[in-house]
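The values are calculated or read from the model by the stated rules, or taken from the named source; none is laboratory data. Predicted model, so just to flag it, every value in this text is computed and none were measured. Here the Cβ positions follow ideal geometry from the backbone for every residue, glycine too, while neighbour counts run over all protein chains shown. Keep in mind that these areas ignore ligands, DNA and RNA; they rest on the heavy atoms of the full protein, side chains included. Shrake-Rupley method; radii C 1.70, N 1.55, O 1.52, S 1.80 Å.
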Amino acid sequence: MNQSMLGIIDATAQKEEIQDLTSNRSLAAVPIGGRYRLIDFVLSNMVNSGIQSVAIFPRYQYRSLMDHLGSGKEWDLNRKRDGLFFFPSSEKELLNGVGSFHQFRSNIDFFLRSKQKYVLITNSHTVCNIDYKKILERHLENQCDITQVNQKGKMLDMFILEKDLLIKLFSNKDSGYRNIMDVVKDHNHNLTVCDYEHNGYVAVVDSISNYYSHSLSLLNPNIWKELFLRNRPIYTKVKDEAPTKYSKDAYVKNSLIANGAIIEGHVENCIVFRGVKIEKGTVVKNSIIMQKSIIKENSVLDNVILDKDVRVEPKTILIGKVAEPLVLKKGTVQGALMNS
């Protein structure tokens, strides 16, 4: 029996609640965990489940996403057959705000050429470690038309169905369906929709507040161990840099520090990405500091998110709230000297 799956990542989501981090990138490309992007978890789960062909359907600001994924080499998707495919939205689709089914119709030849019998459709911003092969097995055992993945009754925007059924659904323009979610929520069809309960760790990142809380939750060893499994690794783009340098006065507690950083100050309960510099006399707590940001001497940061390439000038005080962290957008300069 052909039990192969085609992976479809619907990266069309653009959440207003997280726009401070998505003005220059798609939601799928938002950095997390010191060295990863959100899409790394979805894509790695697919590859670890034996999926060898993955199509990504992005809509907004997808240049950084394409740069991150490249040929798909890190995920073993740079193949002569199957592999990684990008199908960006056309200008007309952007203007009309159409659903993913319209994009699928525009690229129907891809689906018709694919040899896989089943299709897995997921969003691009759910962080978890899940085996889709087990879900397919349950789908077949229960003879379902569509299987949706839930956790504690909440839909995770992950669906398995036969490819031929998907083609039939998105080809029917008169149905009114914009995406697979519309199909699942419609009780007027005669399709059998089954539920699969996932019991592992799940983080749906679609706002600044839950990006902040889910990111810092990775400092919990139990969550880290549940998400990063030896037999089911999370792959990402490899960037070789020198090890992080800690000065003799540096103090680091309960933090994730990526390579290439220079730590001279006090860092506590933080996620620090590659190439970050935190100068002497500076105290950074409960914060997320993204790639190549610089925090100058004698500054104080608490409950703050710095996007990439942010510069914080000396003696700057930035204090956010746990429920409402302070966000500095990519490439900005903050502090007493910025207007001098």
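For segment 130-267, DSSP calls about 40 percent of its internal beta bridges antiparallel. Highest-first packing order for the peptide set 265-277, 6-18, 232-244 is 265-277, 6-18, 232-244, based on the mean count of other beta carbon atoms within 10 Å. On a per residue basis, the chain carries 47 Å² of accessible surface, using protein heavy atoms and a 1.4 Å probe. DSSP finds beta bridges in segment 112-197, and of those with both partners inside it, around 65 percent are antiparallel.
Which semi-axis lengths, in whole Å and largest first, follow from the square roots of five times the eigenvalues of the Cα gyration tensor of segment 193-260?
Over the Cα atoms of segment 193-260, the ellipsoid semi-axes are 30, 16, 13 Å.
Each Lys and Arg contributes +1 and each Asp and Glu -1, all at the Cβ; summed about the Cα centre of the chain, the dipole is approximately 820 debye.
Computed over segment 143-251, the percent of Cα pairs more than 16 Å apart is 74. Of the peptides 154-161, 313-320, 26-33, the order by per-residue mean of other Cβ atoms within 10 Å, starting with the highest, comes out as 26-33, 154-161, 313-320.
Take every Cα pair under 8 Å whose residues are at least 6 apart in sequence, average their separation, divide by the length of segment 147-237, and the relative contact order is 27 percent. Across the chain, Cα pairs under 8 Å and at least six residues apart give a relative contact order of 15 percent.
For the chain, the longest principal axis of the alpha carbon atoms and the long axis of helix 132-141 meet at an angle near 30°. Equivalent ellipsoid of segment 202-300: semi-axes from √(5λ) of the C-alpha gyration tensor, largest first, are 24, 16, 12 Å. At the listed q of 0.12, 0.15 Å⁻¹, the Debye profile of the chain, built from one uniform point per Cα, gives log10 I(q)/I(0) equal to -0.86, -1.23.
The long axis of helix 208-217 is offset from the longest Cα principal axis of the chain by roughly 80 degrees. The C-alpha atoms of the chain define a longest principal axis, and helix 38-48 lies at about 50 degrees to it.
Here the sum of -39500 (n - 2.57) over DSSP H runs of 4 or more residues, divided by the residues of the chain, equals -6000 deg cm²/dmol at 222 nm, to the nearest 500. Atom-type composition of the exposed protein surface of the chain places 45 percent of the accessible area on carbon and sulfur (1.4 angstrom probe).
Over 26 Å between Cα atoms, which of Lys133/Lys154; Lys73/Lys152; Lys185/Lys225; Lys115/Lys168; Lys15/Lys154 qualify? Checking Cα-Cα distances, Lys73/Lys152; Lys185/Lys225 exceed 26 Å. Within the straight-line cut-off of under 19 Å between alpha carbons, the aspartates and glutamates reachable from Lys329 are Glu16, Glu17, Asp20, Asp206, Asp302, Asp307, Asp309, Glu313, sequence neighbours fewer than 8 places apart in one chain being disregarded. For Tyr251, the solvent-accessible surface computed with a 1.4 Å probe is close to 100 Å², ligands and nucleic acids excluded.
Rounded to the nearest 5, the antiparallel percentage of DSSP beta bridges internal to the chain is 25%. Counting only protein chain heavy atoms and rolling a 1.4 Å probe, the accessible areas of His139, His189 rank, largest first, as His189, His139. The alpha carbons of segment 1-119 stretch over 46, 36, 21 Å along the principal axes, in descending order. By the Cβ distance rule (another cysteine Cβ under 4.7 Å), the unpaired cysteines of the chain are Cys128, Cys270.
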